[in-house]
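The values are calculated or read from the model by the stated rules, or taken from the named source; none is laboratory data. Every value quoted in this text rests on a predicted model; they were computed, and no experiment measured them. Calculation scope for accessible area: heavy atoms of the full protein, side chains included, ligands and nucleic acids excluded. Shrake-Rupley method; radii C 1.70, N 1.55, O 1.52, S 1.80 Å.
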Amino acid sequence: MRLRAAVCRAPRALYEELWAAPADRVPRMGEPDAPVWRPSLLVLLIIAAACFTVPRTNELVTKASDGVGGWAVAAALAQSVVLVAGMVRPVGAWWAATTLSVTTVLVTEPVMSPDRLFPWSVMGMVFQGGALFLLALRVPLRRATGALALTLLAGMALTLHQTQQHNLDLDRSAPVFVVALVLGSALRSLRVAREDLVVQAELTAEERAQRTVLEERNRIARELHDVVAHHMSVISIQAQVAPHLVEHPSDALRENLAGIRENALEALAELRRVLGVLRSEDAPARSDDTRHAPQPGLDGLDGLVATVRSTGLSVALRTTGEPRPLPPGVELSAYRIVQEALSNVMRHAPGASAEVVIGHRPTGLAVRVVNSAPDRRRPAAPSPGVRHGLLGMSERAAMLGGELATGRTPDGGWEVTAILPTSTQTPRTTEETR
């Protein structure tokens, strides 16, 4: 029963595997492997088909009588056309190649010389092997193996159908077809693996960029926690001390100050509950002194520049405008942007010089870091992937409702400019800034 069911399903399976199911899409120009194998292989096939037509025609005409000479010439030309068509329609080309081969052998076999190879001559092996090779390039190995099995079955059937003795070559043609199948399947597997690698690399780069943004946001949240927690603590202490600074404070004043202190403590507790966990994520890697140290600001730029100069990089620090007190978040973001920009100069522009300009404006702070062209004699170390430092700087500027611009300078250097507003406004989201 199972054998009968398998035999009944065989025609349907054959139709689905070797006719209805589509082949792989032909890679377009510019896609992986397309510029390498597609045009080159097409040119080679056209040349091979042209070289194949003349000897194949002579071979068939020599074997044929006057009644089949015209058919032999037409079959040779059709086989050459099918070989080239296999680049576009490999499944149909294989069916056409097999049909032409079988038909040609059936027509010419009665008048064929017994000394010639049968059922496939040398040129016939090349033709049928080329059709199998093009098929294996574009379909899975399972389907290509089925085509190989049908090709060998057709050869066995022709061998059994012979009307005279021939020089049988099925044992020699089978290895040729197997090698063509294996070679085509190997090239297809290599192409599929490269395409998968390109897709995986794109996904990895996207995930890496998203992870970098999240890490930078967590870092910003930890720093904001430190800044805001400090101010909330000061408010709470001032509200607690204020009644003692006034002689005979009224009950209403005491009540209002107590409410201020209570609200400040509640806000501080809520802030610690929401953001405090971010601070503890890197606790094992940071000492207590580092975690509880005050966040850096503009007054720390001199020390930062001195540290960078100690590495051999020439850095100039300049301030424009009238300095004035700035919100701690603005100072912290300005410090981090300068720090990251100078780090990029050291990594990507060896031998260059840099200038840091801090511009105080009525509406905010302008930070500009520009470096000269790197020394061509000192190539920078390769830095694969996206520019994670630029993502972090962009996140900091967007958090404050500011803007960040980066790009090359006319002399071959690099410039980073950030505008950090100090006025109270709703910060724009990262998506809006992009």
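Karplus-based coupling profile of the range 248-261, in residue order and whole Hz: 6, x, 6, 5, 5, 5, 4, 5, 5, 5, 5, x, 4, 5, with θ = phi - 60° in 6.51 cos²θ - 1.76 cosθ + 1.60 and x standing for Gly or Pro.
Computed over protein heavy atoms with a 1.4 Å probe, the accessible surface of the range 121-240 works out to 52 Å² per residue.
Amide H contacts of Thr319: Ile358, each under 5 Å away and 5 or more positions distant or on a separate chain (H built 1.01 Å from N in the peptide plane; Pro and chain starts excluded). By a 1.4 Å probe calculation restricted to protein chains, Val330 has an accessible surface near 10 Å², given to the nearest 10.
A 1.4 Å probe, protein heavy atoms only, puts the accessible area of Ile260 near 80 Å².
Over the range 66-186, the hull volume per residue, using the convex hull of the C-alpha atoms, is 85 Å³. Distant-in-sequence amide contacts of Ser353, defined by a placed amide H-H separation under 5 Å and a gap of 5 or more residues or a different chain, comprise Ser372. Each residue of the range 122-128 was assigned a 3J(HN,Hα) from its phi angle through the Karplus curve 6.51 cos²θ - 1.76 cosθ + 1.60 (θ = phi - 60°); the sequence is 4, 5, x, 4, 4, 5, 5 Hz, with glycine and proline shown as x.
Residue-normalised convex hull volume from the C-alpha trace of the range 105-152: 75 Å³ per residue. Note on Glu16: accessible area is roughly 80 Å² with a 1.4 Å probe, heavy atoms of protein only.
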